Amino acid sequence: MAKRQIFYSFHFDNDVMRVQQIRNIGVIEGNTPVSTNDWEQIRKSNSAIEKWIDDNMKYKSCVVVLIGSETSKRPWVQYEIIKGWNDGKGVLGIYIHNINCARNGKCSQGLNPFDNISLKNGGKLSSLVKCYNPSSYDAYNDIANNIGSWIDDAVAARSR
């Protein structure tokens, strides 16, 4: 099976360690993590952040939002979701609160970030985008075993 080209969207400060575990699963490629030093330079201006997102989202087929306790409140996550959706990419969410973080352990389940985005018809994006909530007993393996098909489903849904 070919590796999928995706863009990860997440709250960096809270969830980077959880996200690294998911990146290491190995069924996806692309969206190489930005180094802390590079990120400090990028985050100095909104235009630099927007350019980084736009450049890194090119040629990706899907935006995977990794949802931690504060993800739904992050303005750049909202930007990434809207950009991915408007560009016709597959979009999905995966709750990562049950992935253990070496610093903070598990966290509380965050709110659905797609509830914050309104469609032109007045509905919410959450009515069209699936969010997956992996097993609380074995979240890592649940994600590892299913992320490929979740991404395929999200991309297929956008092509219909």
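The values are calculated or read from the model by the stated rules, or taken from the named source; none is laboratory data. Here the structure is a predicted model, which is why all the values come from computation and not from measurement. Cβ coordinates were reconstructed from backbone atoms using ideal geometry, including for glycine residues, and neighbour counts include every protein chain displayed. The protein model used for the area step is the full one, side chains on, heavy atoms only, and it has no ligands, DNA or RNA in it. Shrake-Rupley method; radii C 1.70, N 1.55, O 1.52, S 1.80 Å.
Quick look at the values:
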read-out	value
Test: Ser127 is out of contact with any Lys or Arg (no Cβ under 9 Å at 6 or more places or on another chain), polar (S, T, N, Q) and at pLDDT below 95	no
Test for Val65: is it farther than 20 Å from Val19 by Cβ and in contact with a Ser or Thr (Cβ under 7 Å, 6 or more places away or on another chain)	no
Lys51 vs. criteria over 22 Å from Val129 (Cα atoms), open to solvent by 80 Å² or more (accessible area, probe 1.4 Å), modelled with pLDDT under 85 and more than 15 Å from the chain's Cα centre (by Cα)	no
Residues within segment 77-119 that are of a type outside the set (Phe, Trp, Tyr) and not in a loop (DSSP other than H, G, I, E, B), tallied	19
Total residues in segment 57-76, condition in a helix (DSSP H, G or I), open to solvent by 40 Å² or more (accessible area, probe 1.4 Å) and within 11 Å of Ser9 (Cβ to Cβ)	1
Residue count for segment 77-131, restricted to those that are farther than 15 Å from Tyr8 by Cβ, aliphatic (A, V, I, L, M) and either open to solvent by 50 Å² or more (accessible area, probe 1.4 Å) or under 16 Å from the mean Cα position of the chain (by Cα) (or both)	7
Residues (outside any loop (DSSP other than H, G, I, E, B) and open to solvent by 40 Å² or more (accessible area, probe 1.4 Å)) located in segment 133-148	Tyr140, Asn141, Asp142, Asn145, Asn146
